[in-house]
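Input: a single structure, listed below in structure tokens.
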Ligand SMILES: Cc1cc2nc3c(=O)[nH]c(=O)nc-3n(C[C@H](O)[C@H](O)[C@H](O)COP(=O)(O)OP(=O)(O)OC[C@H]3O[C@@H](n4cnc5c(N)ncnc54)[C@H](O)[C@@H]3O)c2cc1C
Ligand SMILES: Cc1cc2nc3c(=O)[nH]c(=O)nc-3n(C[C@H](O)[C@H](O)[C@H](O)COP(=O)(O)OP(=O)(O)OC[C@H]3O[C@@H](n4cnc5c(N)ncnc54)[C@H](O)[C@@H]3O)c2cc1C
Ligand SMILES: Cc1cc2nc3c(=O)[nH]c(=O)nc-3n(C[C@H](O)[C@H](O)[C@H](O)COP(=O)(O)O)c2cc1C
Ligand SMILES: Cc1cc2nc3c(=O)[nH]c(=O)nc-3n(C[C@H](O)[C@H](O)[C@H](O)COP(=O)(O)O)c2cc1C
Ligand code: FES
Ligand code: FES
């Protein structure tokens, strides 16, 4: 297995909701190797912006050699990406990071906000029994329909416009979601809640984390998170999100 | 009259010869004001390149509101420009500089190399008797056909593959070109030769000069050339090519 | 909504002026910008006598910026007083005059000539890297900076603002020296000394070999120095270096600048100054900020 | 065609190494680049004991470059000797070890531990702007630089190369101090201190407030300093700062660098080092240059 930097042709780009974009690119060498929970580094066609944007893989089609990403316009780089059209090429590097370790136990998949997309490929690949908990801000329930073909979907919204009013933990409690392993991606406060919930219920939880990056491959030490124990690579309490993660056992990291 | 910065749509771009491109853009506000011998500042769609490229106006169509430029790929900026396609937009600023002062006397128009394009609009506008002398490197006689509809064309080539072997002065001498005023654009050594020739023959010569620019409008003092007398703006022996030129009476400047 | 700020007793109607040397004396940009709408026009450096400047090539493009080695070409203070000040007054602009010289005597002479002129503020350029004598020599040694500041201050009718060079080990030491010498305000940064080589010709691109780097690429260094200076001295600061957008300008204000200059960005966009002013207004509206002064130095 | 150069008695098969801290100890980039094809691998700074580095956010993007405030996180010299040196030897790489410390004692301890190791050259980092003690303090004062150089040189088994900070008034003074202290070569530039403010959050982007700026935007300053240093001292120089292409590298060589480092560009393109090497070969072929040494310092 090896990471590749390629010029990937954009096959399609659509808007899923206000400011949320769904892009499919042709990138055979990356797609054939990619695993659910990994990410790619997306370079912006603007020479003033030299660093790549890390974006999780939302879908992998190994036959067609394509990757799907779903992203939110968060700043100038993603704004420029959202204005790219099918046929244009973008430079991407991947697959990056470790991805989820898929187990057979009854699973609870949790995605919050822009942490929802990476759960889709996992939902597709995990053959075991599973419940999918999706936390949205409001009634723009992007990707929800697609998740429904892979398992039971439970929804929370911050404004209460759909499902449980509140966050994903509220939904889990209110709607009696059960399982023995959690896979999750979302904002840090959500992951903190999940870590606590998993500890309390003595569940394994694999959580996907975020940090500012430069190299994306483990060389520069930009993207560290705090680890509970002394890390075997760094020999300090730091793990690299880009290389040792982005998926960590919740027990290993301090949030 | 006032200069405008506009996003101009590229209407067409073709290659005239190896590395020589012919581009027409829609820029009504600039076209209506433009004069032969003026230039525009062309910005490159690459944020690492912040300065505009000065390019002479080769054709003006006031009815259609279009401008034509013909340029040589000299470096990265012009290379990127040459890969733009019809429909794309480029930022341009113009019209800049003074342009040629058109007189009624029998004229000799001289263009050398990439100094040939700006002479085309002048040839079109000058209604008096005229001979056009074009100096090329080799047999790729770009724009020559078009000049023929406006006057007698005399050619020199460095390699002797067409017309007089040598430079434009050689052609003028060999082919007995006569007139009482010279309008010229081309590399500095050629302009130096023309200045000497004009002095010797007591002719007026309007020469269009080149210098590295930043602002393009006379504010930064980057683009000066040496003037014979103390200049009324600078109060030293410096004239601004972008504002006081690019066209100068050969007697006014030191080359 | 209040955009006006106060620099050493001088009220600027908004915090945006022009980078000296990038805007001439305003005549050329007058076609694009209503000069009376700017906080002030800061003019190109002027000396006691006309200076021819350096030979060409005087500018070179670099990644995200440019180098210049104009060498302070200027028509001298006589022409400036006769032609440029009346023009700016007529246009309704507030005026900051940038003063250059080769010796203490030169600076003092210019400052004295300006004493009866309708000029708001004097910016003293002791940081030009492109002239052999004077210029940056004063700007890289705290002792020399202190002395020249004191000498200029003694003769100046208007408040003075020493313009600091970024080509120093410790900007706070320089800021302190200028303030001790009597500088009523500070402006920074001037250009970073840089070089570009033409690898095909195997020669320097600039006739002067080195030039001053400006433009978006230098902004992080400029913001850092403005922050450091603002936290080291108690006088107002005009911040500059790579400002092309309102976002850029706001970074400087939040770092501690009371006003900002837009320099090289004018070459990228001749209405850059006005675009920055309008963008600041938009930001204030969006964030419900009544007075621009609330933002100054708000990041600590 | 000869690409090999000599740095203080060490032969590099070509003049391209990696910028310390941007390439780890080569493991990660080994997937993209055959490490034995590089002139050398320069490793991330290593201290006598493990360092945790700074809190995050540790990096920020800026126009044409980036800021970093990693704070020299490193696993300490023990792990480095056990794990990283054997790995690099196995990969066939020449090794330049970047050494960091908080005190003279720290530096000397690391250098002594490396004395029996198969390491080619020691790069002494006295110019990291992101750690409170040590680091840049040694790199901004000629006297302190001279002392630390002398102390390190006294204990070093391999040739040493002091890495200079660009955040100084006069780079030639620093270059001379290092050479007087016994530095066998010099490397420059480390990062320029910069700052970025998030105007929406009204806070610094970096947890450390300031960070070191690197990438294409800093190249003109780096070329200028390499030129100045090369003309001030007689030791070989490894030049760096913004090198992303062969053209960039050639500018440094012509300015007087004997070799170059590719740093931040690795983040833009993981094969940047090899692309630079191949581009230099192309240039030499096109210009019929037999020996790369002909180009070194050819622009005066
Ligand atoms: C492992 C990982 C996976 C991610 N997956 C997704 C995804 O699937 N969909 C999605 O919409 N977003 C995802 N993000 C967040 C995404 O990387 C940022 O929103 C994006 O980088 C913002 O870029 P910008 O130019 O629009 O913003 P700007 O703020 O202009 O970016 C400036 C710099 O900060 C960095 N940056 C800004 N926000 C973040 C952030 N939250 N995380 C990391 N770097 C950031 C940028 O990469 C850039 O270098 C992921 C982040 C990580 C670390
Ligand atoms: C008044 C004027 C009119 C011109 N008209 C034409 C024309 O009609 N057709 C044409 O092909 N060329 C013309 N040129 C030359 C043209 O401006 C340069 O070839 C072009 O700027 C090169 O840009 P680049 O990015 O490809 O080269 P690079 O070398 O990569 O450019 C780097 C920088 O140097 C400047 N530069 C490089 N060469 C020149 C040059 N010869 N003159 C001025 N600046 C330069 C660029 O503008 C840029 O800022 C004209 C120049 C001037 C001053
Ligand atoms: C072409 C040019 C000429 C300049 N001339 C002067 C000058 O005469 N006096 C001065 O103090 N600064 C001068 N500067 C420096 C600018 O005023 C400003 O400090 C610097 O360019 C950084 O700001 P910027 O990045 O916005 O341009 C000049 C800069 C440029 C680009
Ligand atoms: C993320 C990062 C980490 C760095 N760590 C070190 C380091 O440990 N020791 C050191 O001497 N320089 C370090 N540097 C500086 C680089 O080695 C180099 O001097 C500087 O980045 C300029 O080169 P560049 O523009 O090619 O990156 C680091 C730079 C970056 C970007
Ligand atoms: S981004 Fe470089 S180590 Fe993670
Ligand atoms: S380019 Fe600025 S004065 Fe001519």
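Nothing in this text is a laboratory measurement; each read-out follows from the coordinates by a stated rule. Everything numeric in this text was worked out from a predicted model, so none of it was measured. Quick reminder, even Gly has a Cβ in these numbers, built from the backbone with ideal geometry, and neighbours come from all protein chains shown.
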### Query
Over all residues in D:262-274, what is the mean tally of Cβ atoms on other chains that come within 10 Å of each residue's Cβ?
4
### Task
Mind telling me which of A:128, A:223, A:185 comes out most flexible in a GNM of chain A, alpha-carbon contacts under 10 Å?
A:128
### Query
In deg cm²/dmol and to the nearest 500, what is the mean residue ellipticity at 222 nm of chain B if only DSSP H runs of at least 4 residues count, each as -39500 (n - 2.57), divided by the residue total?
-4500 deg cm²/dmol
### Summary
In this structure, the FRET efficiency calculated for residue A:140 and residue B:129 from their beta-carbon separation, with R0 = 45 Å, to the nearest 0.05, is 0.05
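Only counting other Cβ atoms within 10 Å, I'd like C:12, A:203 sorted with the fewest neighbours first. All intermediate terms of the calculation are to be shown ahead of the outcome.
Values: C:12 23, A:203 17.
Exposure proxy ranking, most exposed first: A:203, C:12.
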### Message
Under the convention of a label 7 Å out along Cα→Cβ, give the distances in nm from residue D:116 to the same position in every other copy, shortest first.
### Response
8.5
### Task
Would you mind classifying chain C by shape? Square roots of the alpha carbon gyration tensor eigenvalues, ordered a ≥ b ≥ c; an a/c under 1.5 is rounded, otherwise it is prolate if a/b is larger than b/c and oblate if not.
rounded
### Query
Under the classification rounded if a/c is under 1.5, otherwise prolate if a/b is larger than b/c and oblate if not, where does the protein assembly as shown fall, given a ≥ b ≥ c as square roots of the Cα gyration tensor eigenvalues?
prolate
### Query
Given the options D:85, D:289, D:243, which has the most mean-square fluctuation in a GNM of chain D, springs set between C-alpha atoms less than 10 angstrom apart?
D:289
### Summary
Ranked from fewest to most other Cβ atoms within 10 Å of their own Cβ, D:172, C:56 fall in the order D:172, C:56
### Message
At 7 Å along Cα-to-Cβ for each site, give me the label-to-label distance between residue B:105 and residue C:172 in nm.
### Response
7.0 nm
#### Entry: residue B:33-residue D:155 pseudo-label distance in nm [points 7 Å out on the Cα-to-Cβ vector]
7.0 nm
### Message
Below 8 Å between Cα atoms, with a sequence gap of 6+, how large is the relative contact order for the stretch B:184-255 in percent?
### Response
34 percent
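With a Förster radius of 41 Å, plug the Cβ-Cβ distance of residue D:13 and residue A:7 into 1/(1 + (r/R0)^6) and report the FRET value to the nearest 0.05.
Values: r = 30 Å, r/R0 = 0.74.
Rounded to the nearest 0.05, the efficiency is 0.85.
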### Task
Would you tell me the mean number of C-beta atoms belonging to other protein chains that fall within 10 Å of each C-beta in B:233-242, as a whole number?
5
### Query
For the residues D:84, A:145, C:198, what sequence is obtained by ranking on other C-beta atoms within 10 Å, fewest first?
A:145, C:198, D:84
## Note on the structure
Shielding of B:75-81 by other chains, given as the mean Cβ count within 10 Å, works out to 1
### Query
What nm value, rounded to one decimal, do you get for the distance between residue B:14 and residue C:116 when each label is placed 7 Å out toward the C-beta?
6.8 nm
#### Entry: Chain A residue with Cβ closest to the axis mapping A onto B, distance in whole Å
A:47, 3
